[in-house]
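Where a number appears in this text, it was derived from the coordinates with a stated rule and is not lab data. Nothing here was measured: the structure is a model prediction, and the numbers come from that model. Reconstructed Cβ throughout: ideal geometry from the backbone, glycine too, with neighbour counts over all protein chains shown.
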2 protein chains.
Amino acid sequence: MLGARCLLRAVRFCSSVPCPRHKPSAKLSVRDTLGAQNMSGERVTVQTFPIRYKERHPLEYLRQYPHLRCRTNILGSILRIRSEATAAIHSFFKDSGFVHIHTPIITSNDCEGAGELFQLHAAGKIKVPEENFFNVPAYLTVSGQLHLEVMSGAFTQVFTFGPTFRAENSQSRRHLAEFYMIEAEISFVDSLQDLMQVMEKLFKATTMMVLSNCPEDVKLCYKFIAPGQKDRLEHMLKNNFLIISYTEAVEILKRASQNFTFTPEWGIDLQTEHEKYLVKHCGNIPVFVINYPLALKPFYMRDNEDGPQHTVAAVDLLVPGVGELFGGGLREERYHFLEERLARSRLTEVYQWYLDLRRFGSVPHGGFGMGFERYLQCILGVDNIKDVIPFPRFPHSCLL
Amino acid sequence: MLGARCLLRAVRFCSSVPCPRHKPSAKLSVRDTLGAQNMSGERVTVQTFPIRYKERHPLEYLRQYPHLRCRTNILGSILRIRSEATAAIHSFFKDSGFVHIHTPIITSNDCEGAGELFQLHAAGKIKVPEENFFNVPAYLTVSGQLHLEVMSGAFTQVFTFGPTFRAENSQSRRHLAEFYMIEAEISFVDSLQDLMQVMEKLFKATTMMVLSNCPEDVKLCYKFIAPGQKDRLEHMLKNNFLIISYTEAVEILKRASQNFTFTPEWGIDLQTEHEKYLVKHCGNIPVFVINYPLALKPFYMRDNEDGPQHTVAAVDLLVPGVGELFGGGLREERYHFLEERLARSRLTEVYQWYLDLRRFGSVPHGGFGMGFERYLQCILGVDNIKDVIPFPRFPHSCLL
């Protein structure tokens, strides 16, 4: 029974044809209001199977049918690759001696004060007063980093791989309201160099494993949605990733002949157009940008104490096609530095526990996060992030 | 750097002592309002490290310090075992040919109408009207099953391992507001026997892997929190799990000399006291209870069409110490049966997409879910579920 692959095969190669061994259990036009909802949440009438045999539907069309699109060969391939990449990431960290931690999804931390949070309320007939299930306001996590730092103080090397959330009103091809992040924290790291080594290794090892474990699926993606991607990826894999400082990056942008919508200037965050230019400037090799202005980064980034142009030991990895893929840095492990930064942002009260981690035995440490969907976009050349996750959630859309 | 294990060792064996190589970066009594919150969310004053060297604090005491308790050897062991079990489960499914699926956390499905849901609202300064981020009411998932069924129609065997949520006002030692579930769906399964085989295999294979991969950690748990657990677990592992029908279970309970708070009766759900009795009655071997009354189970369970005592092909696994560990069953794959059940519950409109799965090529299939924290409680003999998860969330408590 478990070995029966007929359905799998049917799906893989004929995709939209119902398996010949098992006929649909009802006539195809019984009702007139069946089916999925369209982009604005209205119900779409589906009287017949909306995917045609041997027709190559645009990914945007398939997105309307999240319950059926996995039966096409292209979504089948993408989701199998997603599964392989998940396994590869778990085994990379396990083989490197990391402890896996389930950081919490519900949190009372308004982490980084980003303001783009989902807040929770208990719905329905429960006895706890609605607003007050946890006694404190509760949110969906935007990052497991601070919780991972708790754990890196006990297990040296830890990682998490789970969902994170942004209530951002963005319809861009790189943003989702619910997406997956791989985050790691490592004790006894005292240079960005060490961190970047792990990031590059993670990217390359995972990709090599995916390429060797599902070559057919990858080939199908390249053939139908990203011609030329094979060479672009090989180019990334065979070269050492580059490293430039934020200051150098701004210099490069200032010297560019291109006109940017946002004028590049020291102290201002890099925009998507800047990221794109930098990657192209670097010959389409992934490039680490390090040492950002202190004012641009959250309170926990380690102070570089470097004079007038005050920077922190933060690092982003920019990759072709996607832009920012990793973000990370060394964490401020020195109690008094951290205390001062928190006081300045009036966060001391909220982050007492985070200060405790420094009071009671702290070590130099650092970590990073990688957006999983962006990673898949990057290796497969998929243009829209909504096509590399089984059930995409974004403003105005939460199908199923 | 990555190889430095000094902190790890310090934690493992001396637990509460700061690593001698790295002194705390501040004096221990700088402030007087530092520290964690207590159970009712108030701030607890922590002036010195709250965990004493060589003292064995009760787990309940440690629960107040979620940011520090992982530095004790007992929580260290439990969380390392959790990490190993996570890896073991992933590799069990991968080796058995399952595709891993990230089922959505945010869903517009008020799945099963359970009513114990967390609802979401966008907070902060976003531009989408607050209540309306997704255009539809959005909740945290209570189960990934229905979404997995979508995928089992494409990939034959699929699994998910992620967080699930209940806004239940329960302070019991077996319930959390946020907990992890392993769920699987398998196509071409047409008997409960086949499903139960996978469930038993999953339990035993994962446990064997945990026991062989972290014997020291397991030994520490048995020594300090669950003496005798080693023998109890071996007893479970070396015996075949038992199978009784719901009807037999009720008969056994009726014949029992014990007085129950809830009188056992056919058609009424098994209570914790009943589950406990049944497991004991079965000689503390895990026991599958199958074929429950149709009225007790959700609309998607497959109708057994068995006359006056109308049952469905549902199965629960009861284990010593914990009670219900797995729940599962065959799914109603027949269009007209499902349509009728949905119509009776006035759910037809909402589950059009679920009916679509049957209209457009359906096969016999089934699946199950296992509570991950309960699994850890069961193998380790940990009494309270709050001690097997890094950051427990329950009514009135969302620390950090």
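Can you grab the distance from the C-alpha centre of the stretch B:325-392 to the C-alpha centre of the stretch A:60-95, Å, no decimals?
So the two Cα centres are separated by 21 Å.
Can you give me the long-range amide H partners of residue B:312? Hydrogens built in the peptide plane at 1.01 Å from N, cutoff under 5 Å, separation of 5 or more residues or another chain.
Here the answer is B:292, B:294, B:304, since their amide H atoms fall under 5 Å of that of residue B:312.
Relative to the other copies, what are the label-point distances for residue A:251, with labels 7 Å from Cα along the C-beta vector, expressed in nm at one decimal and sorted shortest first?
Result, one decimal in nm: 8.6.
By counting other Cβ atoms within 10 Å of each Cβ, how are A:370, A:236 ranked from fewest to most?
Values: A:370 23, A:236 19.
With the sparsest Cβ surroundings first, the list reads A:236, A:370.
Could you size up the charge dipole of the protein assembly as shown around its Cα centre, putting +1 on the beta carbon of Lys and Arg and -1 on that of Asp and Glu, and report it in debye to the nearest 20? All intermediate terms of the calculation are to be shown ahead of the outcome.
Details: 90 positive and 86 negative charges, 262 e Å.
Charge dipole, the protein assembly as shown, about its Cα centre: 1260 debye, nearest 20.
Among the aspartates and glutamates, which have Cα under 19 Å from the Cα of residue B:223 when same-chain residues fewer than 8 positions away are ignored?
The reachable aspartates and glutamates, counting only those whose Cα sits under 19 Å from residue B:223, are B:55, B:60, B:231, B:234, B:383, B:387.
At 7 Å along the Cα-to-beta-carbon direction for both residue A:53 and residue A:224, put a label point, then send me their distance in nm to one decimal.
Here the answer is 1.6 nm between the modelled labels.
From the label point of residue A:295, set 7 Å along Cα to the beta carbon, how far off in nm is each other copy's matching point, shortest first?
Going from nearest to farthest copy, the values are 7.0 nm.
Toward the positive end of the charge dipole of chain A, about the Cα centre and with charges on Cβ (Lys, Arg +1; Asp, Glu -1), which of A:281, A:388, A:133 goes farthest?
Checked the options; the winner is A:388.
Amide H of residue A:326 versus every other amide H placed in the peptide plane: which residues, excluding those fewer than 5 positions away on the same chain, fall under 5 Å?
A:317
With the cut-off at 27 Å, tell me which of the pairs B:201/B:276; A:54/A:219; A:54/A:230; B:254/B:386; A:204/B:204; A:201/A:254 have Cα atoms farther apart than that.
Values: B:201/B:276 23 Å; A:54/A:219 18 Å; A:54/A:230 25 Å; B:254/B:386 34 Å; A:204/B:204 34 Å; A:201/A:254 32 Å.
With Cα atoms farther than 27 Å apart: B:254/B:386; A:204/B:204; A:201/A:254.
Rank A:169, A:77, A:307 by how far each Cα sits towards the positive end of the charge dipole of chain A (+1 on Lys, Arg Cβ; -1 on Asp, Glu Cβ) and give me just the farthest.
So the residue we want is A:77.
Compute for the stretch A:59-387: radius of gyration divided by Kirkwood radius, i.e. Rg/Rh, restricted to C-alpha atoms, rounded to two decimals. Walk me through the numbers before you get to the answer.
Numbers: Rg = 20.6 Å, Rh = 21.2 Å.
The Rg/Rh ratio comes out at 0.97.
Please compute the contact order of the stretch A:59-387 in relative form: average sequence separation of alpha-carbon pairs under 8 Å and at least six residues apart, divided by the residue count, as a percent. Walk me through the numbers on the way to the answer.
On the way: 526 pairs, mean separation 62.5, N = 329.
Worked out over the stretch A:59-387, it gives 19 percent.
What ranking do A:341-354, B:64-77, B:90-103 get when scored by the average of other Cβ atoms within 10 Å per residue, highest first? List each step's numbers first, then the result.
On the way: A:341-354: 16.5, B:64-77: 23.4, B:90-103: 20.4.
Highest to lowest by the protection proxy: B:64-77, B:90-103, A:341-354.
Between copies, how far does the label point of residue A:240 sit from its twins, in nm, shortest first, when each point is 7 Å from Cα along Cα→Cβ?
With the label placed 7 Å along Cα→Cβ, residue A:240 yields 6.1 nm.
Apply the Karplus curve 6.51 cos²θ - 1.76 cosθ + 1.60, θ = phi - 60°, to the phi angles in the stretch B:305-310 and return the couplings in whole Hz, x for Gly and Pro.
Values per residue, Gly and Pro as x: 6, 10, x, x, 8, 6 Hz.
Between residue B:251 and residue A:345, what FRET efficiency follows from the Cβ-Cβ distance if R0 is 41 Å, with the result rounded to 0.05?
Numbers: r = 65 Å, r/R0 = 1.59.
It comes to 0.05.
Figure the gain on full extension for residue A:242 and residue A:260 (residue separation times 0.36 nm, minus the Cα-Cα span) and round it to one decimal in nm.
Working: separation 18, 0.36 × 18 = 6.48 nm, distance 2.31 nm.
Length gained, residue A:242 through residue A:260: 4.2 nm.
Other chains near B:181-194: what is the mean number of their Cβ atoms within 10 Å of each residue's Cβ? Could the numbers behind the result be given before it?
On the way: counts 0, 0, 0, 0, 0, 3, 9, 11, 3, 1, 1, 0, 1, 2.
Across B:181-194, the average partner-chain Cβ count within 10 Å equals 2.
Could you line up B:151, B:209 from fewest to most neighbouring Cβ atoms inside 10 Å?
On the way: B:151 28, B:209 17.
Ascending Cβ contact count within 10 Å gives the list B:209, B:151.
Non-local amide H neighbours of residue A:138 (under 5 Å, H modeled in plane, Pro and chain starts lacking H): which ones?
When sequence neighbours closer than 5 places are left aside, the close amide H contacts are A:120.
Shielding by partners for B:360-371, please: the mean number of other protein chain Cβ atoms within 10 Å of each residue's Cβ.
Details: counts 15, 16, 7, 8, 2, 1, 0, 0, 0, 0, 0, 0.
The per-residue average across the peptide is 4.
Rg(Cα) of the protein assembly as shown divided by 2.2 N^0.38 Å?
Working: Rg = 26.6 Å, N = 800, 2.2 N^0.38 = 27.9 Å.
Relative to the rule-of-thumb radius for its length, the protein assembly as shown sits at 0.95.
Need the list of aspartates and glutamates near residue A:238 for cross-linking: C-alpha distance under 13 angstrom, and skip anything on the same chain fewer than eight residues off.
Of all the aspartates and glutamates, those that pass the test against residue A:238 - Cα under 13 Å, at least 8 places apart if same chain - are A:200.
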